[in-house]
Each structure stands twice: as C-alpha cells, then as structure tokens.
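Here the structure comes first, spelled out in structure tokens, and everything after it is commentary.
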Amino acid sequence: MKTMTQFQGELPFGRVRIPFDVPAGSHCVTITGTTVKKGFLYAAAYDANQAFRGKVLFEKAHKSLTIQPQNSGLGAIDGAIPSGEWFLELYNLEGEFRTERAMQYQVDALCSEELVNSNAELELTPTVTSDHDIEFDYSHMLSSDSRWYRGDLHAHTQLSDGHNTLAAAKDIVESQGLDFFFFTEHNICQPKLPVSNQCLFLPALEVTTDLGHFNVHGPVKSLDLRDVEHSSQATMEAGLSLARSGQNGGHSSLGINHPMMKPWHWHYDQVDLSQVSTFEVCCDPTWSTSPKATEEALLVLNEMWNCGQRITAIGGSDSHLEPHERNPKSDEPSIYGDPSTFVYSHGLSGEGILSGMRNGQVYLERRCGLKFDINLGDLLPGNDSQGQALTYRIAVSDSENPYYAECVVDGEIIERIALSDELKSLLIDEGYRWCRVDIRRGELSAALINSTQPASEECEFEGCINAVFDGKQPEFNQPLVRTWGELMERMSRDEV
C-alpha cells in the first residue's frame, strides 16, 4: 500500500504549515521537495502526536526526508509512525533585508508499508529527540591525553546546502586526520552523528538569517521555530537563547561566522559580546573574497580585545564541496579541515573541547605545521599572563612554502621573524595589554622586517596563536563596549 499527497505553491519571506494524512499501517513516510528555482526552503516535519520528526533544507535539486522506525534517512528522527494528521512547516528566511526571493515549491509526501534501506551501512548515534532536545554525552573521552587537538568548527553536508553525504563526510574527515568535528548545518542540527574511533563528532548548528550567521557549538536543544515570530531578529534571538541555555549548562560555545564576508557578514548590532565565545577570522580561504574578509576581521578582533572583550579567534572551512570540486577562481579544494582550529584539552571530549574554545586555548592554521610554546609551556593562548615578559618559541614543519611570524601587541605589529623547522624566539617586554602572533605565508623581505605596516596581499594569512592577556588591565574586568553595535560605532569613530 502506498499513498501520495502532492503540494505546490509559492512562499515569499514567511512560512506555511501544510497538513497531510498518514494512513494506518504506514511504516515509512518520505517527504520529497524542490524549490523549482535555485534557493533555500527549510522543511520541518511533525507527526500526528506533534513530535518533531526531522528537518531538511530543500533546494532546486530534489531532496528527501525518509522517516521510519529505524534507519531513517539524513535529517530524520527514528520512531513509530503514528497514523493521523502530520504537518510540514516550510520556512523562507531570505528576503527581509536583502532582495526577496519568493520560493516556488513542489512537495510530495509518500506513505508506505515498505521500509527504505537508508544509512544502514553507517554507524550513527542519535542526538536529537522528538522534543528538540539534544542527547549527547559531552563527558565521553575518545582519548585521555592532555594535548592540542585538531578540528573543524564549520562545515556542511547535503542536509543543508553541502554536496557530501554523511558517509562521504565521515570518510573525508577521517582521511584529513581531524580529532574533532562539528557539522554546522543552516538552522538544522544533525539528528544522528557518525561514530568514529578516530574523530569525535559533536552537535552544532549554524543559525542563519539576513542579519548574519553564527554557530552554536554543543547546543542542548535544536532550533524550534514553530512559535517564533517570523523575522530575522526573532530567529537570531531564538538561536541566541539556545546558546545561552547551553552555556548555563557548561557546554555551549557561540561563534560569529565570516563576520566581514559580504553578503553574509555580521550586522546584528544588538548581540551582547559577553555571550560570544569565538570569532571566525578565517573562513574557507579558497573563496575569492576570503583573504580580504580575513584582514578586516583581524582588525575587528584587535578592537574587541582593546575594548576588553576576550573573544577567541578561530577558523572554519565552511566546506560545502566534494574534494574534487573547486570554488570559482580557485585551483585548490575547499575541504574539511582547511583551516584547522587546534584546541588544548585535557582529554578528547565534548566538555574539554568546548571549554578550551571558551577559554581561548586555541590556535589555527592552514597547512604550515605550526609548533610553538610560550614561556617554555607555562602559558597557553587565552591565559592571563599577569603582564609578565613573554618568550615565544615558534617553528613550522612545511618546507614547501616560506612563512614568517608577525607579533601583534595591543593591535600594533611590533616585530616579524622568518620561520623554519627550527624553533625561533620572539621576546615581548612587560607593558602590553595583550599579545597575539599571526603566521603569514610569503617571503619576509627586508622592507617588511623594519615595517609596522600590515603585510601586502602576497603574504597571505596562514594562521594565528590566540592572545595572552594582562588581566590586571581594567578593561578586562570592565569592557569598554557591550554590544556589536557599540564596537562598530567605536571603530568608525577611530577611523575619522
């Protein structure tokens, strides 16, 4: 027995609820949709008991939510199939502040007695419940070593607008040698995460609106928009409240994504910076506008720290592509783990990684093989140095490219040194508020050695070692700005 219900319509910025009937005896519900034209349309399914049963981002290419008692498809939640009236909520979140993109859609709901063999070959752990709760053991350790762990904080699959299946994504992540990984689908939390002996896959989502994008790493609930007013601000606030509830439980970390990369830049002025843990200075370096956006983000980071907001610099691949694909104008892959964010943690666990992110025990790089210590290992990035003099020892293992270190103190470049596979020292006297070291790929010319001006475009950002701070400075106890809007206002005043 099979029954098919078909819907079509057009949805401008807004949402619509579509009911459909699931007959008694159905064991599988498959919801397939397309936007007809290129665009985004979110689809969340709820069963006859009002239980959440899955979410997917419909695009022009047909995508399906396959819901069944076991082995449901990508984005769907396992469980009994109750008969009665189910409903699908469709959301178009684009067009409030940018050009409206009315989405024409076609949706088929197929109910069947037959089960579909979906994802059965991939070992998965359910993480999202039918109540939108996230069940994940953040204390579970994949390794007990205290060390730097390498991961990616921003990535997509076919569940949102990525090209990789979940199985392919797991294979790529493992082949890249990553220790931890967050799937950050647009407004969707992966309801099942791959099981791996090599890599810790962790819950996350990317809250996505016309006002900007941010990641919630380690949420305790998924994003439920049923009772939220349909606006970019209300969606933002729903995501921020998710992050707050997770932070109160000691898990979540909130990160602003590609803050200066138009048209996806951050311009939600009301966000309280004390709630923000991380700031994505480097996002998909193979995207054509990424280098310029990175340099602008570093200037904002300087101002944040000068104002006393100790927010951690991170990277994110934001990879959407299969390894053989390329972004326009790029000859290298946009791949999970480029750039990589390294977090110092006492054991490879969700609790450890999220705590390290919130505390700034982080550095990032693309491919140089960075090795360093601060005061012979007595200090880690993010630590309060109490203003003591600093000695950095820095080396890189990549011999294919030239690299140099750029020491940034209180927002000013004070010294540059060429790097090799032998440890080189950087000495910083007392009297700083904060000190960060950026790594650049390119030759260190004589002119650059004696200059305090920013590097030319030929010397691309390769990574950075997050700041150590002098916690005795008053702004770190009483920040000079509270919100993003206040920060931008201050920066515009400084430019005048």
**Study point:** Spherically averaged projected area of the range 388-444 from its Cα convex hull (nm²)
**Key:** 3.7 nm²
Point to revise | Stokes-Einstein diffusion coefficient of the range 53-106, Kirkwood radius over Cα pairs, 37 °C, 0.692 mPa s, in µm²/s | key: 246 µm²/s
Check your understanding: Expressed as a whole number of Å, what is the distance separating the alpha-carbon centroids of the range 56-78 and the range 105-161?
Key -> 12 Å
Study note, to complete from the structure: For the range 213-271 the translational diffusion coefficient, Stokes-Einstein from a Kirkwood Rh over Cα pairs at 20 °C and viscosity 1.002 mPa s, in µm²/s, is roughly 177 µm²/s
Point to revise | Listed residue pairs exceeding 18 Å between alpha carbons, taken from 2/37; 371/472; 170/192 | key: 2/37; 371/472
Point to revise | Sequence-separation-based contact order of the chain, relative, with Cα cut under 8 Å and 6+ spacing, percent | key: 12 percent
Practice item. Evaluate the distance, in nm, between pseudo-label points positioned 7 Å from the Cα of residue 299 and of residue 391 along their respective Cα→Cβ axes. Key: 3.7 nm
Practice item. Quickly estimate the mean residue ellipticity at 222 nm for the chain, helices only: each DSSP H run with n ≥ 4 gives -39500 (n - 2.57), and the total goes over all residues, rounded to 500. Key: -4500 deg cm²/dmol
Review point. Using mean Cβ contacts within 10 Å as the protection proxy, how do 471-480, 182-191 order, highest first?
Key: 182-191, 471-480
Exercise for review: Starting from the residue with the highest accessible area, list 1, 491 in decreasing order, probe 1.4 Å.
Suggested key: 1, 491
Review point. For the range 307-445, what relative contact order do you get, as a whole percent, if you take Cα pairs closer than 8 Å and at least 6 residues apart?
Key: 18 percent
Exercise for review: Keeping the other protein chains in place, figure out the carbon and sulfur percent of the accessible area of the chain, with a 1.4 Å probe.
Suggested key: 46 percent
Review point. Hey, how much of the P(r) for the range 105-239 falls beyond 19 Å, as a percent of Cα pairs?
Key: 57 percent
Review point. Dividing the alpha-carbon Rg of the range 153-230 by 2.2 N^0.38 Å yields what?
Key: 1.13
Check your understanding: P(r) for the range 376-496: what percent of alpha-carbon pairs falls in each 5 Å bin, starting at zero?
Key -> 2, 10, 18, 19, 18, 15, 10, 6, 2, 0
Review point. What is the log10 of I(q)/I(0) for the range 66-135, computed with the Debye formula using one identical point scatterer on each Cα and no solvent, at q = 0.24, 0.26 Å⁻¹?
Key: -1.18, -1.27
Check your understanding: Across every pair of different alpha-carbon atoms, what Kirkwood hydrodynamic radius in Å does the range 190-310 reach?
Key -> 15.5 Å
Review point. Tell me which lysines have Cα within less than 21 Å of residue 262's Cα, excluding those fewer than 8 residues away on the same chain?
Key: 38, 292, 329
Check your understanding: Where the centroid of each part is defined by its Cα atoms, how far is the range 322-357 from the range 235-296 in Å?
Key -> 16 Å
Revision key, fill the gap. If each part is reduced to its alpha-carbon centroid, the range 377-396 and the range 437-489 end up apart, in Å, by 16 Å
Review point. Solvent-accessible area per residue for the range 247-378 at a 1.4 Å probe radius, Å²?
Key: 34 Å²
Point to revise | Kirkwood Rh in Å, taken over the chain so that all alpha-carbon pairs contribute | key: 23.6 Å
Check your understanding: Cα extents of the range 247-399 along the three principal axes, largest first, in whole Å?
Key -> 46, 45, 30
Exercise for review: Could you work out how far apart the two model spin labels at residue 292 and residue 449 are, taking each label as a point 7 Å from the Cα in the direction of the beta carbon, and quote it in nm?
Suggested key: 3.3 nm
Revision key, fill the gap. Note: residue 87 to residue 27 extended length (0.36 nm per residue) minus current alpha-carbon separation gives 19.9 nm
Revision key, fill the gap. Scaled by the rule-of-thumb 2.2 N^0.38 Å, the alpha carbon Rg for the range 1-130 gives a ratio of 1.05
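The values are calculated or read from the model by the stated rules, or taken from the named source; none is laboratory data. Every value quoted in this text rests on a predicted model; they were computed, and no experiment measured them. Using ideal geometry, Cβ is built from the backbone for each residue, glycine included, and neighbour counts are taken over all protein chains shown. Surface accessibility is based on the protein's heavy atoms, side chains included, excluding ligands, DNA and RNA. Shrake-Rupley method; radii C 1.70, N 1.55, O 1.52, S 1.80 Å.
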